[in-house]
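Nothing in this text is a laboratory measurement; each read-out follows from the coordinates by a stated rule. All values reported here derive from a predicted model rather than from experimental measurement. Glycine gets a Cβ as well: all are built from the backbone with ideal geometry, and neighbour counts include every protein chain shown.
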């Protein structure tokens, strides 16, 4: 399991190759990449600032990955979440899971992302034509996590 919270961008291809590397048990890799949109809830977005609680954020995400590993038979998990100032089209998050079979990889990847979205101590502030605003939690995100 690898969890990184970082300012720097990441190379999706390299990161996914690392999940398969030298492991003949891997038959599937599922991944989700989240990026900054130029709008949200009817507001324009020219910049997103992501803040986190160092140490606590990594610990929370690692705990989510451990739970996924208990629920599904996984080879490895990877979560990279960026912080700092980002612009539309910038990558925010990569969640990737390797497993012997696709069903476990798909389910675990979705589970991890749903819980990172709702449980990890990360905060988003958007800046646009209407000024700055903190992004509030959505009921739909809580509902997605609750189904697990």
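In the stretch 22-36, the residue that is farthest from residue 106 (Cα to Cα) out of those that are in contact with a strand residue (DSSP E or B) (Cβ under 9 Å, 6 or more places away or on another chain) and part of a loop (DSSP other than H, G, I, E, B) is 36. Among the residues of the stretch 1-17, the ones that are more than 23 Å from residue 122 (Cβ to Cβ) and crowded, with 16+ Cβ neighbours inside 10 Å come to 0 in all. Residues that are under 23 Å from residue 109 (Cα atoms) and either free of Cβ contacts under 8 Å to residues at least 40 places away in the same chain or under 14 Å from the mean Cα position of the chain (by Cα) (or both) do not occur anywhere in the stretch 42-49.
For residues that are touching a strand residue (DSSP E or B) at 6+ places or on another chain (Cβ under 8 Å), free of Cβ contacts under 8 Å to residues at least 60 places away in the same chain and assigned to a helix (DSSP H, G or I), scanning just the stretch 50-63, find the one that is surrounded by the fewest Cβ atoms within 10 Å (Cβ to Cβ). Among them, the one singled out is 58.
Quick one: is residue 69 in contact (Cβ under 8 Å) with a residue 40 or more places away in the chain and outside any strand (DSSP E or B)? Yes; evaluated as a whole, the condition is true for this residue. Within the stretch 4-24, residues that are under 18 Å from residue 52 (Cα atoms) have Cβ atoms under 7 Å from residues that are part of a helix (DSSP H, G or I) in these pairs: 5/57; 5/58, counting only partners at least 6 apart in sequence or on another chain. How many residues are over 22 Å from residue 45 (Cα atoms) and surrounded by fewer than 18 Cβ atoms within 10 Å (Cβ to Cβ) when one looks only at the stretch 84-106? So the count comes out to 5.
For the stretch 131-148, filtered to residues that are touching a helix residue (DSSP H, G or I) at 6+ places or on another chain (Cβ under 8 Å) and surrounded by 12 or more Cβ atoms within 10 Å (Cβ to Cβ), the residue that is nearest to residue 45 (Cα to Cα) is 141.
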